[in-house]
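A.B. asks: I have a structure I would like to understand better, so I am pasting it below and will then ask my questions one at a time.
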Amino acid sequence: MASVARLAAIPEADIDPDGTFKYVLIRVHSTEEGDDSSVDIVRGYAWAEYHADIYDRVAAELEKGGGLDCECLGGGRIKHDSSVKKIHVYGYSMGFGRANHSVSTEKLKVRYPDYEVTWADEGY
């Protein structure tokens, strides 16, 4: 059950501190037999030209220790304005489709409890 501890240690949301950037919603699950535990995580970074750039880097990092597998559930964009403590989740990924922004928003609210976190399906 080592992968359960590894899953619990993964931050559910990690995004850049400011700006507008692409993000992906990733499901990380255990590959251990008889263990179907998983966690959904949000990752968003301005350095990424494509949504796949984020997924590829995060998945490779998480999977390298063994026992975990990643699946991209979709993507979009995040506008993070730390000066007014607001995060807006919107849009979609051409390659992965639209993430479930309501799930992503809940993960971000836990990470940023004093922020106003909103989402919309409109926009690209």
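The values are calculated or read from the model by the stated rules, or taken from the named source; none is laboratory data. Please read all numbers here as calculations on a predicted model, not as lab measurements. Cβ placement follows ideal geometry from the backbone for every residue including glycine, while neighbour counts extend to all protein chains displayed. The protein model used for the area step is the full one, side chains on, heavy atoms only, and it has no ligands, DNA or RNA in it. Shrake-Rupley method; radii C 1.70, N 1.55, O 1.52, S 1.80 Å.
A.B. asks: If you check every pair at least six apart or on different chains, which have Cβ atoms under 7 Å apart with a residue in segment 3-15 that is assigned to a strand (DSSP E or B) first and a residue that is of a type in the set (Asp, Glu) second?
C.D. replies: As it stands, the answer is none, since no pair meets every condition given.
A.B. asks: State which residue is most open to solvent (accessible area, probe 1.4 Å) when the search covers only segment 104-124 and only residues that are modelled with pLDDT under 95 and within 25 Å of Asp56 (Cα to Cα). Talk me through it step by step, then tell me what you get.
C.D. replies: Our first condition is that a residue be modelled with pLDDT under 95; within segment 104-124, this holds for 121-124.
So of that shortlist, the ones also within 25 Å of Asp56 (Cα to Cα) come out as 121, 123-124.
Details: Asp121: 69, Gly123: 45, Tyr124: 106 Å².
Checked segment 104-124; the qualifying residue most open to solvent (accessible area, probe 1.4 Å) is Tyr124.
A.B. asks: Could you tell me how many of the residues in segment 51-73 are assigned to a loop (DSSP other than H, G, I, E, B) and either among the charged types (D, E, K, R) or exposed (fewer than 15 other Cβ atoms within 10 Å of the Cβ) (or both)?
C.D. replies: Qualifying residue count, segment 51-73: 3.
A.B. asks: Another question about this same structure. Just give me the residues in segment 19-35 being open to solvent by 10 Å² or more (accessible area, probe 1.4 Å), of a type outside the set (S, T, N, Q) and touching a strand residue (DSSP E or B) at 6+ places or on another chain (Cβ under 7 Å), in sequence order.
C.D. replies: Across segment 19-35, the qualifying residues are Gly19, Lys22, Arg27, His29.
A.B. asks: Let me ask you something else. For the condition under 18 Å from Lys107 (Cα atoms) and either among the charged types (D, E, K, R) or in contact with a Cys (Cβ under 9 Å, 6 or more places away or on another chain) (or both), what is the one hit in Asp53, Asp40, Asp36, Asp69? Working first, answer last.
C.D. replies: Numbers: Asp53 fails: under 18 Å from Lys107 (Cα atoms); Asp36 fails: under 18 Å from Lys107 (Cα atoms); Asp69 fails: under 18 Å from Lys107 (Cα atoms).
After applying the criteria, what remains is Asp40.
A.B. asks: State all residues of segment 36-50 that are open to solvent by less than 20 Å² (accessible area, probe 1.4 Å) and more than 12 Å from the chain's Cα centre (by Cα); if no residue qualifies, say none.
C.D. replies: The one that is open to solvent by less than 20 Å² (accessible area, probe 1.4 Å) and more than 12 Å from the chain's Cα centre (by Cα): Ala48.
A.B. asks: Related question: Within segment 6-37, which residues are modelled with pLDDT of 95 or more and of a type in the set (Gly, Ala, Ser)?
C.D. replies: Correct list: Ala13, Gly19.
A.B. asks: Sticking with this structure for a sec: Kindly indicate whether any position in segment 80-103 is charged (D, E, K, R), open to solvent by 30 Å² or more (accessible area, probe 1.4 Å), at positive phi and assigned to a loop (DSSP other than H, G, I, E, B).
C.D. replies: If we filter segment 80-103 for residues that are charged (D, E, K, R), which is where we start, we get 81, 85-86, 98.
Remaining after also requiring open to solvent by 30 Å² or more (accessible area, probe 1.4 Å): 81, 85-86, 98.
Add one more test, that the residue is at positive phi, and what stays is 85.
Adding the requirement that they be assigned to a loop (DSSP other than H, G, I, E, B) leaves 85.
Yes, the conditions are met somewhere in segment 80-103.
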